[in-house]
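Working notes, beginning with the structure itself.
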Amino acid sequence: MNYLQKEKEKKKEKKEKEKKEKKEKKKKKKEKGSKVETSGASRIDHCSNNFTRNDLDVVEGSATSWNTWTEEEKRLHSEMSNYLSLQGDSGERGITPMKHIHQLDTWDCGLTCIQMILHWLHQSDDDGEMVLSRCFAKDDQVWMRELIGTDSIWTIDLVRILHRAFNGSPGCGSRDTLEQKCIKEDSLHSDVQMEFSTSPDGPLQSSVYATVSFLFCSTNLGVDQSYNRIGYYRDAFQRDAQRVEQLFAVAVAESMPLLQVQHLSLKVLVDFVSRKGCVAIVLVDNRVLLNHGTIHEDPNKNEQFEFATNNQSNTSYSGHYVVLCGISYDSNDVCYAKSFSSEDSFDDNDFCMVLKNPGSWKDQELVTAKRFEEAWRSNGTDEDVIIINRRYS
C-alpha cells in the first residue's frame, strides 16, 4: 500500500468515526427532545425536529397537523406525492443540511439555487459533511448558462436545467472532465470527488441521481400578460413571453413534471420540505423578503453587501429564487425570525422557515412563515415552486 492509499484509508476511517459520533449525538438529542409539553393545545417540544405521523395527529396548530387539513389539501398532497414518488412517510422531520453558495451575479440566483441542489445530491447522505470544491462552485454554471442562453431567468428555465441534468442528455459537457479538473485544482478534496461514479453521457449523471425526482408547481403554466405592466418584467417582456411559451410547449411534449394548482397551501409545502430528502426552489418577491432590512458583511470586502438581486429597488416587485430546506421548531430560531420587525413579531406560528439564500452571505436565513408566504404569493411569482425529492435506498 503506497503513501496515497494509506492517507486515503486514514481519511476514510476518520470520516466513518465522525459519522458514527454524529449519529450518537443525534440519538441523544432526539431522546432529550422527545418529551411532549402541554400549553393550551398539545404540542411537540421545540427542541425536537423529529416527528411521526401519529405525533402529527395530536399536534394542534402545527403546520403539519394532518387532522387540520382540508380534503382538497389531502387530495393535492397525494397527487404531488405520486409525482415525487414518495414512498410512505419515514416520520423524520427537520432541516436538510446543505452547503450554501453565493451567487456570482445579480441575475443568477436561480442557477445558484440549482448548484446548491446538485451539490447536495452529490453528498453520500444527508450529514452535510461534503466539502464544497471551489472548482465546482465556479464551473457548474458554465453548461447551465450555455443551455438557457439568457440572463432573464424564468422558472421554466430552471425546470429545463433540472430535466437535462437528471436525464443525462448530451450537450452539457462531461462531468468526468469537470471532476478530473477539480481533482487537479483542489487536491485536498480529491477523496470526496473521486467517490462519485459518473457517466460521460451527461454532466450530472451518477449513481446518486438514480433516485431523484422533482415537480414544478405553479398557478400559471404559461405567461401572465398582465406582468407586462410590472417594472421587473417590462423591458424584456415581449422577447421573454414568446421564448417562455415555447419552453412550456416543449416541457409538455417531453413530459416534464409540471402541475398547475389553483392554490398550494403552506401546510402542504411545509409537509414536503420538512421531510428527509425533500427541498424546494421557491420564487419570491425579494422586496417582501427583505422588509426587515438585514445587511450582511461580505467577508472578502471592506464594505457591506445587502442581498443580491436584480436592480429593481424602485419597482413594486423584484423576483428572487431561494432554496427552502426545512422548518425549525427551535424556540431560539423562531424568536430570531420574529425579531426582525413588528410585523414578524405578530406571527403566531410555532415554527420558522429555513432558507438558503444565494443573495446572502449568511449560511442560512430564518424567516417567519408569515413573511415567507407573503413573499411567495406576491403578484409576479405565480407562486412558483420546484420540489426536489431525493429517495434513499
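The values are calculated or read from the model by the stated rules, or taken from the named source; none is laboratory data. Being a predicted model, the structure only gives us computed values, none of them experimental. Note that we place each Cβ from the backbone using ideal geometry, even for glycine, and neighbour counts take in every protein chain shown.
Output yes when any residue across region 67-87 is crowded, with 17+ Cβ neighbours inside 10 Å, among the hydroxyl-bearing types (Ser, Thr, Tyr) and either part of a helix (DSSP H, G or I) or modelled with pLDDT of 90 or more (or both), and no when none is.
Yes - at least one qualifying residue is present in region 67-87.
Table: residues versus (1) crowded, with 21+ Cβ neighbours inside 10 Å; (2) farther than 22 Å from GLU254 by Cβ; (3) of a type in the set (Phe, Trp, Tyr); (4) modelled with pLDDT of 95 or more.
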{"residue": "GLU146", "(1), (2), (3), (4)": "no, no, no, no"}
{"residue": "GLY168", "(1), (2), (3), (4)": "no, no, no, no"}
{"residue": "GLN180", "(1), (2), (3), (4)": "no, yes, no, no"}
{"residue": "HIS189", "(1), (2), (3), (4)": "no, yes, no, no"}
{"residue": "GLN193", "(1), (2), (3), (4)": "yes, yes, no, no"}
{"residue": "PHE196", "(1), (2), (3), (4)": "no, yes, yes, no"}
{"residue": "SER218", "(1), (2), (3), (4)": "yes, no, no, yes"}
{"residue": "LEU221", "(1), (2), (3), (4)": "no, no, no, yes"}
{"residue": "ASN228", "(1), (2), (3), (4)": "no, yes, no, no"}
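Filter region 284-308 for residues that are at pLDDT 90 or above and out of contact with any strand residue (DSSP E or B) (no Cβ under 6 Å at 6 or more places or on another chain) and give the result. Walk me through it before giving the result.
Filtering region 284-308 down to residues at pLDDT 90 or above leaves 284-289.
Correct list: ASP285, ARG287, VAL288, LEU289.
Name the one entry in ALA253, ALA280 that is aliphatic (A, V, I, L, M) and surrounded by fewer than 16 Cβ atoms within 10 Å (Cβ to Cβ).
Residue meeting the stated conditions: ALA253.
Pairs please, first residue from region 224-251 and over 17 Å from THR155 (Cβ atoms), second anywhere and in a loop (DSSP other than H, G, I, E, B), Cβ atoms under 6 Å, 6+ apart in sequence or on different chains.
Once the first residue is over 17 Å from THR155 (Cβ atoms) and sits in region 224-251, its partners that are in a loop (DSSP other than H, G, I, E, B) give GLY231/THR315.
Go through (1) modelled with pLDDT of 85 or more; (2) crowded, with 19+ Cβ neighbours inside 10 Å and name the single condition TRP107 misses.
Among (1) modelled with pLDDT of 85 or more; (2) crowded, with 19+ Cβ neighbours inside 10 Å, the lone unmet condition for TRP107 is (2).
Can you find even one residue in region 327-334 that is over 25 Å from LEU259 (Cα atoms) and either aromatic (Phe, Trp, Tyr) or at pLDDT below 90 (or both)?
Yes, region 327-334 contains at least one residue that is over 25 Å from LEU259 (Cα atoms) and either aromatic (Phe, Trp, Tyr) or at pLDDT below 90 (or both).
Inside region 340-393, can you point out the residues that are in contact (Cβ under 8 Å) with a residue 12 or more places away in the chain and among the hydroxyl-bearing types (Ser, Thr, Tyr)?
SER341, SER360, THR368, SER378, THR381, TYR392, SER393
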